[in-house]
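These notes concern the structure reproduced below.
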Amino acid sequence: MATPNHHATSWDDFRIVKAIAEAQSLTGAAERLGLNHSTVFRRLGHLEEALGTRLFERARNGYTLTPPGAEMVALASRMSEEIDAFERRSVGRDDKPSGDLTVTVTDTMLHYILMPIFARFARLFPEIRLDVIVSPLALNLSRRDADVAIRATSDPPETLVGRRLGEMAWARYIPDDPEFTVNEHTRWVGYSESLAHTLPARMVERESGGTRIFFRLNTMLGQAQAIAAGLGMGIIPCFVGDATPGLRRYGSPIPQPGGHIWILTHPDLRHAARVRAFMDFAGEELRALRQIRAPIDHMPEF
């Protein structure tokens, strides 16, 4: 390796090394960074030449970090966390409800409950630009993947603050078909592995014995459609099942299989005007809905 030429390492250099380490390939890093493969290849080469050391070992199975590369990635991770924290604090100092607001929700919450609430909020706060991310997974609010999350959970992350808005009512549903019978041979619609940790998923596994699940999905909206199509019995939220044609509730609601509805944000963002405006507005709108049972007190820290 050539003698170091005292190149001033920039944040972009750290970002590139971190992306290559995470993707273990130049192609994957290029996709993460929005660059082309040749740009990443060239910039890594220039950086290694400038530092006088290799940051990666090139192997058939991908790029692996050398000790200097690992040290650089560790520093890049700390820098990234500090930059994210600074951005959150900066957003939290605004005093006017305007600008971009990213909200993450599940498909069922969006489809059955939230779209009219978003529409009313947009009319009331026309200077706030909403970006809604539909995902069943918990996004990282510390990294600003989203500013606000609306989720059904019994155990929200301790790193977030927010409100419990109401208890989720769940029940067993079957196709609205007189030919469909419930017995020890009944087939079930279950949850995919990404949702296997949830209480409803575990309840389906227990009640079906695990051997009578012949169809699995990773979305609640898909669950309702699958049950209505006759693929089996399932456990879904009442606000979904009661509103889906072709479904019939089987028995009474199940006590607490899916926790409560929460609206959450990062502590650094809770005083930002646009975050506060949305959480106050959406929180009150959700509390008023009949689909959600028994409104519950605010979390004390919000």
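The values are calculated or read from the model by the stated rules, or taken from the named source; none is laboratory data. If you're wondering where the values come from, they're calculated on a predicted model, not measured in any experiment. Because the Cβ atoms are built from the backbone with ideal geometry, glycine has one as well, and the counts that use them run over all protein chains shown.
Quick look at the numbers
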| item | result |
| --- | --- |
| Residue in segment 114-125 that is assigned to a loop (DSSP other than H, G, I, E, B) and in the same structural domain as Ala282 (by TED's automatic domain parsing) present | yes |
| Flag for Thr159 being surrounded by fewer than 13 Cβ atoms within 10 Å (Cβ to Cβ) and at pLDDT below 85 | yes |
| Where a residue in segment 97-108 is in contact (Cβ under 8 Å) with a residue 12 or more places away in the chain and under 20 Å from Ala272 (Cα atoms) and its partner, wherever it lies, is of a type in the set (D, E, K, R) and buried (at least 22 other Cβ atoms within 10 Å of the Cβ), with Cβ under 7 Å and at least six apart | Pro97/Arg274; Ser98/Arg274; Gly99/Arg274; Leu101/Asp147; Leu101/Arg274; Thr102/Asp147; Val103/Asp147 |
| Qualifying position, being at pLDDT below 90 and either part of a loop (DSSP other than H, G, I, E, B) or farther than 13 Å from Ala76 by Cβ (or both), among Arg43, Arg15 | Arg43 |
| Hits in segment 190-216 - residues which are closer than 16 Å to Cys238 by Cα and in contact (Cβ under 8 Å) with a residue 12 or more places away in the chain | Leu199, Pro200, Met203, Val204 |
| Cross-chain or 6+ apart pairs with Cβ under 6 Å, segment 41-63 first and crowded, with 16+ Cβ neighbours inside 10 Å, then among the basic types (Lys, Arg) and in a helix (DSSP H, G or I) | none |
| Qualifying residue in segment 163-179 (condition: free of Cβ contacts under 8 Å to residues at least 12 places away in the same chain and either of a type outside the set (Phe, Trp, Tyr) or in the same structural domain as Ile263 (by TED's automatic domain parsing) (or both)) | yes |
| Top-ranked residue of segment 246-282 - restricted to ones that are among the charged types (D, E, K, R) and at pLDDT 85 or above, ranked as nearest to Ile235 (Cα to Cα) | Arg249 |
| Pairs with Cβ under 7 Å, 6+ apart, first in segment 217-229 and within 14 Å of Tyr112 (Cβ to Cβ), second among the charged types (D, E, K, R) and part of a helix (DSSP H, G or I) | Thr219/Asp107; Met220/Asp107; Leu221/Asp107 |
| Scope segment 175-203; condition hydrophobic (A, V, I, L, M, F, W, C) and under 21 Å from His111 (Cβ atoms); matching residues | Val189, Leu195, Ala201 |
| Every residue from segment 192-217 that is over 28 Å from Arg287 (Cβ atoms) and touching a helix residue (DSSP H, G or I) at 6+ places or on another chain (Cβ under 6 Å) | Phe215, Leu217 |
| Number of the exception - Asp268 against (1) outside the structural domain of Leu124 (by TED's automatic domain parsing); (2) out of contact with any Leu (no Cβ under 7 Å at 6 or more places or on another chain) | (1) |
